[in-house]
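Q: Mind looking over this structure? Questions follow.
Taken together, the values in this text are just the output of simple stated rules run on the coordinates, not laboratory data. These figures come from a predicted structure and were not determined experimentally.
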Amino acid sequence: MDDATKTGARRCSVSIEADGRTYVGLLHVGDAQTRVSDLLTDGRPFLNLTDVSVDGAGIEPFVAVSKRYVRTVRILGEERR
C-alpha cells in the first residue's frame, strides 16, 4: 500500500473552462475531507492538473491553470488511490 492509499488521497477527473480554453484532466484533491470547492477557494493561485487535454488536443503531463481565469469546473468522476 503506497502513501496515497494510506492517507485516502484521491483524484477527480474534471473539465475546467478558463481563458477561452477547456482543460480536461486529473485534479489531485488530497485527503477524503478536502472538497474540490476547498481547492477553488484556498489561497493558492493555480489549480494543478495532470494528464490534461487542452481543447481536445493531445495529452499534456502537467498544466497549471490560473484560478483568476476559471469560469466553470465540472467534476466528471472521482477515484481513490
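Q: Which of Thr34, Thr22, Thr50 moves most in a GNM of the chain, Cα contacts under 10 Å?
A: With Cα springs under 10 Å in the chain, the top fluctuation among Thr34, Thr22, Thr50 is at Thr34.
Q: I'd like the Karplus ³J(HN,Hα) series for the stretch 54-70: coefficients 6.51, -1.76, 1.60, θ = phi - 60°, whole numbers in Hz, and an x wherever there's a Gly or Pro.
A: Here the 3J(HN,Hα) series is 10, 6, x, 7, x, 8, 9, x, 8, 9, 9, 9, 5, 4, 4, 9, 6 Hz.
Q: Let me ask another. Evaluate the relative contact order of the chain (contact order divided by residue number), counting alpha-carbon pairs under 8 angstrom at least 6 apart; express in whole percent.
A: Details: 160 pairs, mean separation 31.4, N = 81.
Computed value for the chain: 39 percent relative contact order.
Q: Based only on the alpha carbon positions, what is the Kirkwood hydrodynamic radius of the stretch 3-80, in angstrom? Display every interim value, and only then the final one.
A: Values: mean 1/r = 0.0789 Å⁻¹.
The answer is 12.7 Å.
Q: Test of understanding: what is the full-extension gain from Arg71 to Ala57, defined as 0.36 nm times their sequence separation minus their Cα-Cα distance? Intermediate results must be reported in sequence, preceding the final value.
A: On the way: separation 14, 0.36 × 14 = 5.04 nm, distance 2.01 nm.
So the extension gain works out to 3.0 nm.
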